[in-house]
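Chemist: Before I ask anything, here is the structure I am working with.
The values are calculated or read from the model by the stated rules, or taken from the named source; none is laboratory data. On a predicted model such as this, the values are computed, not experimentally measured, just so you know. Note that each Cβ is placed from the backbone with ideal geometry, even for glycine, and that neighbours are counted across all protein chains shown.
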Amino acid sequence: MIVLAVDPGEKNIGLAVSDPTGTIANPLVVIKHISRPRDATAIAQVAVERGAACIVVGQALDENGQPTYTGRRALRLAAVIRTQTDIPVVLWDESNSTTTARAARVAMGVSRNKRRGHLDELAATVILQSYLDLHIPQKP
């Protein structure tokens, strides 16, 4: 089962996709934020092109598990994506995904100069992998 993940940001939206077995998350692309309806259309189109069975939208939650300001924006984006496709859309806690993505770049030995810029597709990968890790049927 292929899953598409979305890391919604104010300027950029990172996308990641799983392998066909739904086991491994891979960075896909970054799209520029234009407007919620246009972003939702672009996301739904990528999901269809990739044959995704599910779209996971990262949502920031506070320490009490309630959506933050950006989490509420993600909720609205997910609602518009649902109007663009029949593919199920799931909200998933994205807390610390950007920090984790940044740490991964450091661990990979990427130089400080090359670490500048957006981490959106890597953050989407972190979100997707955490989703997959909890939703993959465990083999005996």
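Chemist: Can we say Val57 is closer than 16 Å to Ala123 by Cα, in contact with a helix residue (DSSP H, G or I) (Cβ under 6 Å, 6 or more places away or on another chain), β-branched (Val, Ile, Thr) and surrounded by 13 or more Cβ atoms within 10 Å (Cβ to Cβ)?
Modeler: It is true that Val57 is closer than 16 Å to Ala123 by Cα, in contact with a helix residue (DSSP H, G or I) (Cβ under 6 Å, 6 or more places away or on another chain), β-branched (Val, Ile, Thr) and surrounded by 13 or more Cβ atoms within 10 Å (Cβ to Cβ).
Chemist: Suppose we filter Arg50, Arg36, Arg76 for residues that are basic (Lys, Arg), more than 14 Å from the chain's Cα centre (by Cα) and under 14 Å from Ala124 (Cβ atoms); which single one remains? Reasoning before the result, please.
Modeler: Working: Arg36 fails: under 14 Å from Ala124 (Cβ atoms); Arg76 fails: under 14 Å from Ala124 (Cβ atoms).
Unique residue meeting the criteria: Arg50.
Chemist: A follow-up question, please. Checking the condition out of contact with any Leu (no Cβ under 7 Å at 6 or more places or on another chain) and either over 19 Å from Ile31 (Cα atoms) or modelled with pLDDT of 95 or more (or both), which residue from Ala52, Ala79 passes?
Modeler: Details: Ala52 fails: out of contact with any Leu (no Cβ under 7 Å at 6 or more places or on another chain).
Selected residue: Ala79, the only one of Ala52, Ala79 that is out of contact with any Leu (no Cβ under 7 Å at 6 or more places or on another chain) and either over 19 Å from Ile31 (Cα atoms) or modelled with pLDDT of 95 or more (or both).
Chemist: From Pro88, Pro8, Pro20, which residue is within 18 Å of Thr125 (Cβ to Cβ) and either aromatic (Phe, Trp, Tyr) or loosely packed, with under 15 Cβ neighbours inside 10 Å (or both)?
Modeler: Pro20
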